[in-house]
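Only one structure is covered here, and it is reproduced in the block below.
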Amino acid sequence: MDNKLLLATNNRGKVNEYRSLLKDIPLQIVSLTDEGIITVVDETGDSFEENAILKATAFAAESGLVALADDSGLEVDALGGEPGVRSARYAGEGASDRDRVNYLLSRMKDIPWEKRSARFRCVIAVATPAGEVKTCSGECRGIISLEPKGEHGFGYDPVFYPSEFKKTMAELSPEIKNQISHRARAAKKVYGLLKKKPFDLFRNDRGYGSSKGR
C-alpha cells in the first residue's frame with residue numbers, strides 16, 4: 001500500500017481544507033486530479049454516512065490507496081432538515097454555489113429570524129482497498145442569514161452564522177473556520193486515526209465507527 005492518502009473529491013475547496021486540517025499526518029495527501037482519476041461515484045445513499053462510505057470504498061478499490069471521502073450538507077430546521085443529503089443538488093444539477101444560496105433564501109423568505117436555526121453536518125469515511133471502513137462525524141450549529149455575506153469559503157458559507165460568531169462562515173478567516181466547522185470537527189476525530197501508519201489504521205480503536213464490505 002503506497003504511503004498516500006487519496007482525497008476522494010473534485011471540490012478544490014475541500015481539497016484545500018483537508019490539506020490544511022491534516023497537514024501533519026505521515027501520509028502524502030493527493031487528490032483525484034493528482035492521481036489522474038476521472039471516475040464519478042453516484043451518491044445514491046440516503047444519509048451522509050452512506051454516501052461517504054460509497055465514495056471512500058469505490059476510490060480506494062480503484063486507486064489501491066487509502067481513501068478519504070466525506071459527505072456533508074446543511075440541515076435547516078424550518079425546512080424539515082432540507083437540503084440535507086441533497087445540499088449540492090438543491091437548486092438542480094449544474095447549479096452554482098450562488099444558485100444554491102439564492103434558492104435556499106427564496107425558500108426561507110417568510111421564515112422569521114428566530115426560526116432560522118440550522119446546522120452543517122459532515123461524515124468522513126476512510127477506507128482501505130480491501131474494503132475496510134471507519135467513519136466519524138462533526139456538526140456546527142447556527143442560523144441562516146437574510147442575505148449572503150463574506151468572500152471566504154464555499155457552498156452555503158455566506159448565509160450561515162455559526163453560533164459562536166456574529167459573522168457568517170464566509171466572513172471568517174480560513175484559520176478560524178478550520179477550528180469550528182463541521183468538517184474541522186469531523187477531521188479532528190479522524191486525525192488521530194490517520195497519524196498511525198497505514199497498516200495500523202483499522203485496528204480496534206475506540207471512538208470510531210467501523211465496517212467492512214459495506
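The values are calculated or read from the model by the stated rules, or taken from the named source; none is laboratory data. Keep in mind that what you see is a predicted model, and the values were worked out from it rather than measured. Note: ideal-geometry Cβ built from the backbone for every residue, glycine included; neighbour counts use all protein chains shown.
Residues that are of a type outside the set (A, V, I, L, M, F, W, C) and assigned to a strand (DSSP E or B) were ranked within the stretch 41-78; the one that is farthest from LEU193 (Cα to Cα) is GLU75. If you filter the stretch 37-54 down to residues that are in contact with an Asp or Glu (Cβ under 8 Å, 6 or more places away or on another chain) and of a type in the set (A, V, I, L, M), you find that the one that is nearest to ARG86 (Cα to Cα) is ALA52.
For the stretch 23-57, a residue qualifies if it is over 17 Å from the mean Cα position of the chain (by Cα) and touching a residue at least 24 places away in the same chain (Cβ under 8 Å), and the qualifying residues are ASP24, ILE25, PRO26, LEU27, GLN28, GLU35, ILE37. Filtered by the rule that a residue be touching an Asp or Glu at 6+ places or on another chain (Cβ under 7 Å), hydrophobic (A, V, I, L, M, F, W, C) and closer than 12 Å to ARG141 by Cα, the stretch 160-184 gives MET169, ILE180.
Pick from the stretch 82-101 the residues that are small (Gly, Ala, Ser) and either farther than 29 Å from TYR191 by Cβ or touching a Lys or Arg at 6+ places or on another chain (Cβ under 7 Å) (or both): which of them is surrounded by the fewest Cβ atoms within 10 Å (Cβ to Cβ)? Out of the qualifying residues, it is GLY94. For the stretch 62-81, filtered to residues that are farther than 30 Å from LEU32 by Cα and touching a residue at least 12 places away in the same chain (Cβ under 8 Å), the residue that is surrounded by the most Cβ atoms within 10 Å (Cβ to Cβ) is VAL76.
Being touching a residue at least 24 places away in the same chain (Cβ under 8 Å) and in contact with a strand residue (DSSP E or B) (Cβ under 7 Å, 6 or more places away or on another chain) is the requirement here; does GLU17 meet it?
No; evaluated as a whole, the condition is false for this residue.
Screening GLY92 on (1) at positive phi; (2) in contact (Cβ under 8 Å) with a residue 60 or more places away in the chain shows it passes everything except condition (2). All conditions but one from (1) in contact with a Lys or Arg (Cβ under 9 Å, 6 or more places away or on another chain); (2) in a loop (DSSP other than H, G, I, E, B); (3) buried (at least 16 other Cβ atoms within 10 Å of the Cβ) apply to ASP24; the one that does not is (3).
Just one of the listed residues (ALA125, ALA170, ALA184) is out of contact with any Cys (no Cβ under 9 Å at 6 or more places or on another chain) and at pLDDT 90 or above, namely ALA170.
Counting only strands (runs of 3 or more DSSP E) that sit completely within the stretch 102-182, those holding 3 or more residues that are surrounded by fewer than 21 Cβ atoms within 10 Å (Cβ to Cβ) correspond to 132-144. Within the stretch 187-208, the set of residues being at pLDDT below 80 and charged (D, E, K, R) comprises LYS195, LYS196, LYS197, ASP200, ARG203, ASP205, ARG206.
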